[in-house]
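Structure in structure tokens, see below.
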């Protein structure tokens, strides 16, 4: 029996059709993964079922009892939302009003459809420990994983027949992600789950069926094992080939001799009574990519802030290119910070929407050099070519670029002054897997060409194994393991490192099923 049947659904915005005759089924007690790149129509298709797109929608979509959704009245859709179809969004913080406690949100959700269940019981079903404390907490007092579980509690409070989960684990740490996937797997014992994702490891871990979309069309539908073992469509094969795997040969360690690009020694950072870094020491050899991994709150981004002079040390030292890093605005410190390039996780957030691409790449030259306008324009063109973008992009604005193109612009700007150190803070976690592959290949090519050192921060061990020759593992502000990437990821000494590796889903449903049987000690 199918909990949801979708037939020939097309969605149009202002007369432009963005999805075309989409059809697939969501069986009861199953997890159907809807996969594809950004813009493929995954989320639009799901939101159109609930009348949430503000678009023109044609076709049919039926719940198990025959209730028609596409042509339903607003009154009927209001009765369906939350009660019969629950929804989990990617940005968990955006689902909560910061002025109210989690318990208040749950009670309001129950009141909307006349359900009465103890709040603590609802939160506990979503896998939240200490539910009474969580109920009395405000959104900002919870971690990303706790907020995501709280959103699951809201979405399932009425025991809906179908749960739509839109990228519910994107940007979460692997151990937190593993816990969320376990909750979704448990939910699928009783109801259907439509999981929207671009992470094929997540698909292999939790899905029973897969629907692949490209350019607004369904190009392949199959059981999860059949799809991974025998993909039929060229796009599906490309999607699977793009997935990085920890088992791939790690980047070879380069011999940098005695040269050091950056160093942190016995660093301690305090935020009030919280110790963010506790006696952390790490070295980034010249011309070497060092991976920095760990869960949220482990201190990864704090180390990056220390090296850019944005974070003051309570004790210890930091240096880049042999010069001590000290927060401040002195001429020496400004010159030093020009030796460090930074690429952030969100490419859109790092670019000014009101300035052209060329103007933003030119900014480092205007601030730190005396080059003429003609020379700066020439440099901008060279940098665009370096990141494999047309020179004509200099006249465009960020809104005219895709996510991957924006990240290439951010990389070009970060490398403008030929820095000794490039800090890449989760540069691919918000990108589709095929786009991610292109960015990783680009960084590898640029590293080979320009021989800069890099601190590559990520929670994705497969990405780290692909790009970094050395890796440092952080936990609770301390280094728990470091060494050559092949050694650390292939034969880790730390139980914590092993737990990270075991929690990371692999794009193989058979192997993933076997791994689930093993204990994840740190989840």
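Values in this text are rule-based calculations from the coordinates and carry no lab data. Predicted model only: the values in this text are computed from it and were never measured. Note that each Cβ is placed from the backbone with ideal geometry, even for glycine, and that neighbours are counted across all protein chains shown.
Could you give the nm distance between label points at residue 450 and residue 399, where each point is 7 Å from its Cα heading toward the beta carbon?
Result for the modelled spin labels: 2.9 nm.
Would you work out the relative contact order for the chain, in percent, from Cα pairs under 8 angstrom that are 6 or more residues apart?
Taking the mean separation of contacting Cα pairs over the length of the chain, I get 17 percent.
In degrees from 0 to 90, rounded to the nearest 10, what is the angle of the helix 403-414 Cα long axis to the longest principal axis of the chain?
Roughly 10 degrees, rounded to the nearest 10.
Project the alpha carbons of the chain onto their principal axes and report the range along each, largest first, in whole Å.
Extents along the principal axes: 70, 51, 47 Å.
Oh, and also: Among 455, 240, 446, 76, what is the fewest-to-most ranking by other Cβ atoms within 10 Å?
Values: 455 27, 240 17, 446 20, 76 14.
Going from least to most buried by this count: 76, 240, 446, 455.
Also: Pairing the Cα long axis of helix 373-386 with the longest principal axis of the chain, what angle in degrees results, from 0 to 90 and rounded to the nearest 10?
60
How large is log10 of I(q)/I(0) for segment 2-241 at q = 0.07, 0.11, 0.17 Å⁻¹ when the intensity is taken from the Debye formula with one equal scatterer per alpha-carbon?
-0.22, -0.56, -1.29
If you don't mind, another one. Given only helices, namely DSSP H runs of n ≥ 4 each adding -39500 (n - 2.57), what is the per-residue ellipticity at 222 nm of the chain, to the nearest 500 deg cm²/dmol?
The per-residue figure over the chain is -10000 deg cm²/dmol.
I need 35, 218 ordered by Cβ neighbour count within 10 Å, fewest first.
Listed from fewest to most nearby Cβ atoms, that is 218, 35.
Could I ask something else about it? Which order do 158, 113 fall in if you start with the one that has the fewest other Cβ atoms within 10 Å? Could you put the intermediate results ahead of the total?
On the way: 158 19, 113 15.
Sorted ascending by nearby Cβ count, the order is 113, 158.
Same structure, new question: Measuring from a point 7 Å past the Cα of residue 189 along Cα-to-C-beta, which residues in segment 94-126 have an amide N at less than 16 Å?
Only 124-126 pass the distance filter.
Can you tell me the 0 to 90 degree angle between the C-alpha axis of helix 357-368 and the longest principal axis of the chain, rounded to 10?
Rounded to the nearest ten degrees, it is 30.
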